[in-house]
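Undergrad: Okay, here's the structure, questions in a sec.
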Amino acid sequence: MHIHADRLGLKAIFFPRFLYFSYFCAMHRQFKFLLFSIFSVLSGSAFAQDNGEVWTLQRCVQYALDHNITIQQNVLNERLARLTLQQSQLAQLPSANVTGSYGRSNGRSIDPTSNSFVDAGYNFASLSGSANVLVFGWFQQRNLISKNKWSLSATKADIDQIKDDVSLNVATGFLRALLAEEQIAVNEKQVELSKAQLAQTNRFAEVGRVPELNVAQLESQVATDSANLISAISNYNSAILDLKALLNLDFATPFKLQAPDVKVADQVKVSNMVPEEIYAEAQKHFGSIKSAQYRLTAAQKGWWAARGGLLPQLSIGAQLGSSYASTYQTVTPTGQYQYTPSGAYATDSTGQPLYMIYQPVPTYTTANTPFSKQLDNNFRQTLSLNLNIPLFNSWQAQYNVRQAKINIASQQLNITQAELTLKQNVYKAYNDAVNSIQKYYAALHAAEAAERAQDFAKKRYDLGLTSAVDYLITQNTQYSAEATLVSSKYDLIFKLKVIDYYLGKELKL
């Protein structure tokens, strides 16, 4: 009787819960149907790319380098720097100018051909040319050329740095997409495992081996695993879109990742190096360091060029020119003379005038001088040696020198900052890599232990020696351990790729 009463008591306790879980089971069937419907849509969109183009990491990196907008903008900056250098080199050549004018003058003015005043209007024209070459200017132009050369080198180093940064960003996005793809596989495996266990539990429940509560719990687990799978597919699609944005690739382009066969044991070599060695290697090739050093040298050359502006400059100048005026006339003697009284008289011995003396005056004909003849007659040439001594120019030259000094100090600080930033990043990357190695092996051991525990739990559950709740806890622990292992694996690969980035190695898997 006592046993019967206990059984009645247990029945009174569990019967309402049985009704609750029966309702819960029905609700989960509907929820499962909804989730699987959503899953079908999302998985269709996620794996519609399976027949698309296959992209390796190397291909992604190269495509990004060829199409990245930031790189293209800096290539334009390099072209501008190259043009600036060419202009400074061509500035060493002599400067030459030609000017010409034609017009008409009215009223009293000076005839440009005869330099005499004329009252009538006339047409005029002039043509002149000048040339000037710097003989000695305290190497101001040469220092300017050298400054522009170093500035061009700094621009090239900037492009190299941006290319390295883009490559690292692409590698990050590529690994993130691979991780999302692996997470889909883990979740699919979990869903299949839960569905198989649900089918087995249904068979056990039909023969009365396990209560309906176990079926409801496993249906809830299937629904949860399906939701996790949908979330994994969504993360994968998001990762692919982010990677396409990094590549500047059309979002509609078919895209499928080629998962490499990466052996973590072959990748783990960072523990054999110390941060100082990595930093020393990074200093040799890092674009930001080179760029800062080149700009410091350019600033120093700019200071010497600015100092040249304080000193005298010696140059040679040459001028050529000719002019024309419509009033200019050619006078031609006729060979005949006219005799006119001179106002003087011939006298006798006593001084008395005898007769007036006449003097011969030659006669001339005048004619307008042709344009070409005037240009030939009025052609002039000038050669000069010029010494320019700067005395006062509103302190502009002194300002240029002081500005150049400040620029040198600024570039020295930039080098210090670039080296400090690089060193901090290298030490951080090294520390992250070492920690990631430890986390990976810890996750690996945890996953192996969880798999063994899952095998034991399944065997005990099949024999009815453990409850569904305990079995699901063990199963979820294994799922969490596998997901953590996958995440740790790709986190480790990424951290090691960062070390390769600082070592100047090609980013490849």
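The values are calculated or read from the model by the stated rules, or taken from the named source; none is laboratory data. Keep in mind the model is a prediction, meaning the values are calculated, not measured. Backbone-built Cβ (ideal geometry, glycine too); neighbour counts: all protein chains shown.
Undergrad: What number goes with the only condition from (1) over 30 Å from residue 243 (Cα atoms); (2) at pLDDT 85 or above that residue 156 does not pass?
TA: Exception for residue 156: condition (1).
Undergrad: Can you pull out the residues in the range 459-496 that are of a type in the set (D, E, K, R) and either under 17 Å from residue 188 (Cα atoms) or in contact (Cβ under 8 Å) with a residue 40 or more places away in the chain (or both)?
TA: 462, 482, 489, 491, 495
Undergrad: Which count do you get for residues in the range 296-325 that are in a strand (DSSP E or B) and β-branched (Val, Ile, Thr)?
TA: Selection size over the range 296-325: 1.
Undergrad: Yes or no: the range 140-156 includes at least one residue that is of a type outside the set (S, T, N, Q) and touching a Pro at 6+ places or on another chain (Cβ under 6 Å).
TA: no
Undergrad: Follow-up question, since we're still on this one. Against the definition (of a type in the set (S, T, N, Q) and over 25 Å from residue 165 (Cβ atoms)), how does residue 436 come out, yes or no?
TA: No; evaluated as a whole, the condition is false for this residue.
Undergrad: Go through the range 326-421 and tell me which strands (runs of 3 or more DSSP E), entirely inside it, have 2 or more residues that are within 30 Å of residue 306 (Cβ to Cβ) and at pLDDT 80 or above.
TA: Here the list reads 380-388.
Undergrad: Any residue in the range 99-107 that is at pLDDT 85 or above, surrounded by 13 or more Cβ atoms within 10 Å (Cβ to Cβ) and basic (Lys, Arg)?
TA: No: the range 99-107 contains no residue that is at pLDDT 85 or above, surrounded by 13 or more Cβ atoms within 10 Å (Cβ to Cβ) and basic (Lys, Arg).
Undergrad: Could you grab the pairs with beta carbons closer than 6 Å, sequence gap of 6+ or different chains, first residue in the range 146-166 and farther than 18 Å from residue 92 by Cβ, second one of a type outside the set (Val, Ile, Thr) and not in a helix (DSSP H, G or I)?
TA: Here the result reads 166/68, each pair linking the range 146-166 to a residue that is of a type outside the set (Val, Ile, Thr) and not in a helix (DSSP H, G or I).
Undergrad: Looking at the range 40-59, is at least one residue at pLDDT below 90, of a type in the set (Ser, Thr, Tyr) and under 30 Å from the mean Cα position of the chain (by Cα)?
TA: Yes, the range 40-59 has at least one match.
Undergrad: Scanning for something of a type in the set (Phe, Trp, Tyr), closer than 30 Å to residue 143 by Cα and loosely packed, with under 14 Cβ neighbours inside 10 Å, does the range 444-464 turn up at least one residue?
TA: no
Undergrad: In the range 352-395, how many are on the phi > 0 side of the Ramachandran plot and of a type in the set (S, T, N, Q)?
TA: 1
Undergrad: Residues in the range 446-456: is at least one basic (Lys, Arg) and either under 30 Å from residue 294 (Cα atoms) or not assigned by TED's automatic domain parsing to the domain that holds residue 223 (or both)?
TA: Within the range 446-456, none of the residues are basic (Lys, Arg) and either under 30 Å from residue 294 (Cα atoms) or not assigned by TED's automatic domain parsing to the domain that holds residue 223 (or both).
Undergrad: Would you be able to tell me the number of residues in the range 179-233 that are more than 47 Å from the chain's Cα centre (by Cα), assigned to a helix (DSSP H, G or I) and among the small types (Gly, Ala, Ser)?
TA: Number satisfying all stated conditions: 6.
Each row is one residue, and each column tells you yes or no for (1) out of contact with any Ser or Thr (no Cβ under 9 Å at 6 or more places or on another chain); (2) among the acidic types (Asp, Glu); (3) at pLDDT 90 or above.
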position: 208; (1), (2), (3): yes, no, no
position: 212; (1), (2), (3): no, yes, no
position: 215; (1), (2), (3): no, no, no
position: 218; (1), (2), (3): no, no, no
position: 226; (1), (2), (3): no, no, yes
position: 230; (1), (2), (3): no, no, yes
position: 237; (1), (2), (3): no, no, yes
position: 242; (1), (2), (3): yes, yes, yes
position: 251; (1), (2), (3): yes, no, no
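Undergrad: So residue 280 ticks every box in (1) assigned to a strand (DSSP E or B); (2) without any contact (Cβ under 8 Å) to a residue 12 or more places away in the chain but one. Which box is left unticked?
TA: (1)
Undergrad: Of the conditions (1) touching a Leu at 6+ places or on another chain (Cβ under 7 Å); (2) surrounded by fewer than 18 Cβ atoms within 10 Å (Cβ to Cβ); (3) small (Gly, Ala, Ser), residue 194 clears all except one; give me its number.
TA: Against the list (1) touching a Leu at 6+ places or on another chain (Cβ under 7 Å); (2) surrounded by fewer than 18 Cβ atoms within 10 Å (Cβ to Cβ); (3) small (Gly, Ala, Ser), residue 194 comes up short only on (2).
Undergrad: Would you say residue 280 is exposed (fewer than 14 other Cβ atoms within 10 Å of the Cβ) and modelled with pLDDT of 90 or more?
TA: Here the answer is yes, as residue 280 does meet what is asked.
Undergrad: Does residue 116 qualify as being surrounded by fewer than 17 Cβ atoms within 10 Å (Cβ to Cβ), at pLDDT 85 or above, outside the structural domain of residue 469 (by TED's automatic domain parsing) and over 30 Å from residue 495 (Cβ atoms)?
TA: no
Undergrad: Oh, and also: Could you give me the residue pairs with C-beta distances under 6 Å whose first residue belongs to the range 204-218 and is surrounded by fewer than 20 Cβ atoms within 10 Å (Cβ to Cβ), whose second residue is among the hydrophobic types (A, V, I, L, M, F, W, C) wherever it lies, and which are 6+ apart or on separate chains?
TA: Pairs that qualify, where the first residue is surrounded by fewer than 20 Cβ atoms within 10 Å (Cβ to Cβ) and the partner is among the hydrophobic types (A, V, I, L, M, F, W, C), are 204/210; 205/215; 212/205.
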